[in-house]
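Read through the structure below, which is laid out as structure tokens, and then see the notes.
The values are calculated or read from the model by the stated rules, or taken from the named source; none is laboratory data. Given the structure is predicted, the values throughout are model-derived calculations rather than measurements. So basically every Cβ, Gly included, is an ideal-geometry build from the backbone, and we count neighbours across all protein chains shown.
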Amino acid sequence: MTSLGLSQNFSHKCIVGDFNFRKINWNCTHLCTEGSEEEKFIDAVAEGFWNQHVIKPTRARGSNTPNTLDLVFSNEVDMINEIIHKPPLGKSDHQVLLFDFFCYIDWSNPVEKYNFARGDFDGARDLLDNNNIILSGDVENDWENLKQSILNARNLFVPKRVIGKRTWKGEYPPDECTFRLLKEKEKAYRNWIHNHNTEQANELRIKYNRIRNKVRDHTRRLRRNHELAIALKAKAGNLKPFFKG
């Protein structure tokens with residue numbers, strides 16, 4: 001952590017992950033036992049000038065005390081905005097953390113790039129096979145002629161795409177039932193966490209697990225149906241959805 005923090009290779013740095021230091025209280029880091037692994041980690045974070053942004057617990061299992069194990073570090077305080085805690089994915093007991101990372105990349109200005117994944121390479125090869133490149137014996141001139149022929153083939157047979165503001169696209173389109181189940185899952189998880197030390201904790205945990213399993217079964221069914229639809233279209237001769245996915 002220290003060497004990464006002091007490295008000058010990048011101006012904006014962000015490290016995320018499950019660090020598994022359950023004994024660290026990030027509200028009072030000075031309470032770590034002297035000489036412990038937790039204290040060494042805290043010292044490395046401080047020496048690397050890192051800022052840690054996660055304060056609330058990120059993992060809860062059964063009746064165990066929730067812990068803050070999943071951490072988000074940055075080398076500038078204002079790089080990370082408010083961190084939103086979401087319910088775990090599937091049967092994981094680690095929460096999903098959502099946050100915005102602010103850096104100098106501006107995706108609002110569209111940029112054109114070649115989309116080689118959709119290039120017509122058979123057409124490019126045919127063009128190059130029929131393109132009689134005259135070799136003069138001069139290495140520099142011959143290389144320029146060859147390079148220009150390849151670039152011309154790229155311009156003719158490789159389409160371009162415009163990359164602008166990035167938006168997330170799921171693997172398969174969710175339906176209204178998916179959104180409804182996700183809301184129920186989030187509500188159930190929030191109720192369980194907020195009542196973790198009450199007599200209702202076990203009942204609320206069972207309710208959350210039941211809804212979590214419903215979400216998993218529903219999304220798996222959606223994915224199977226989506227893949228089956230793509231396969232049927234490909235079998236009928238429409239390969240575009242297959243390669244697009």
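Being outside the structural domain of LYS207 (by TED's automatic domain parsing) and in contact with a strand residue (DSSP E or B) (Cβ under 7 Å, 6 or more places away or on another chain) is the requirement here; does THR68 meet it? So THR68 fails the test. Can you pull out the residues in region 144-182 that are within 24 Å of HIS218 (Cβ to Cβ) and either among the aliphatic types (A, V, I, L, M) or modelled with pLDDT of 90 or more (or both)? Across region 144-182, the qualifying residues are LEU181, LEU182.
Conditions tested, residue by residue: (1) touching a helix residue (DSSP H, G or I) at 6+ places or on another chain (Cβ under 7 Å); (2) in a loop (DSSP other than H, G, I, E, B); (3) farther than 22 Å from ILE83 by Cα; (4) at pLDDT 80 or above.
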| position | (1), (2), (3), (4) |
| --- | --- |
| SER3 | no, no, yes, yes |
| ASN9 | no, yes, yes, no |
| HIS12 | yes, yes, no, yes |
| ASN20 | no, yes, no, yes |
| LYS23 | yes, yes, no, yes |
| GLU38 | no, no, yes, yes |
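Scanning region 183-206 for residues that are of a type in the set (Val, Ile, Thr), modelled with pLDDT under 85 and surrounded by fewer than 17 Cβ atoms within 10 Å (Cβ to Cβ) turns up just one, THR198. Checking each residue in region 71-96 for being touching a His at 6+ places or on another chain (Cβ under 6 Å) and either within 22 Å of LEU182 (Cα to Cα) or of a type in the set (Asp, Glu) (or both) picks out ILE83, PRO88, GLN95. Cβ separations smaller than 7 Å between residues 6+ apart or across chains give the following pairs from region 1-25 residues that are more than 12 Å from SER74 (Cβ to Cβ) to residues that are modelled with pLDDT under 80 and not in a strand (DSSP E or B): ILE24/CYS32; ASN25/LEU31. For region 28-42, the count of residues that are β-branched (Val, Ile, Thr) and exposed (fewer than 10 other Cβ atoms within 10 Å of the Cβ) is at least one. One residue stands out in region 89-114 among those that are in a loop (DSSP other than H, G, I, E, B) and of a type in the set (Ser, Thr, Tyr): the one that is modelled with the highest pLDDT, namely SER92. May I ask you to list the residues in region 120-149 that are within 27 Å of LYS240 (Cβ to Cβ) and either assigned to a helix (DSSP H, G or I) or among the basic types (Lys, Arg) (or both)? Once the filter is applied, which keeps residues that are within 27 Å of LYS240 (Cβ to Cβ) and either assigned to a helix (DSSP H, G or I) or among the basic types (Lys, Arg) (or both), region 120-149 yields PHE121, ASP122, GLY123, ALA124, ARG125, ASP126, LEU127, LEU128. Among the residues of region 53-78, count how many are farther than 30 Å from THR198 by Cα and surrounded by fewer than 19 Cβ atoms within 10 Å (Cβ to Cβ). Residues meeting the conditions: 3.
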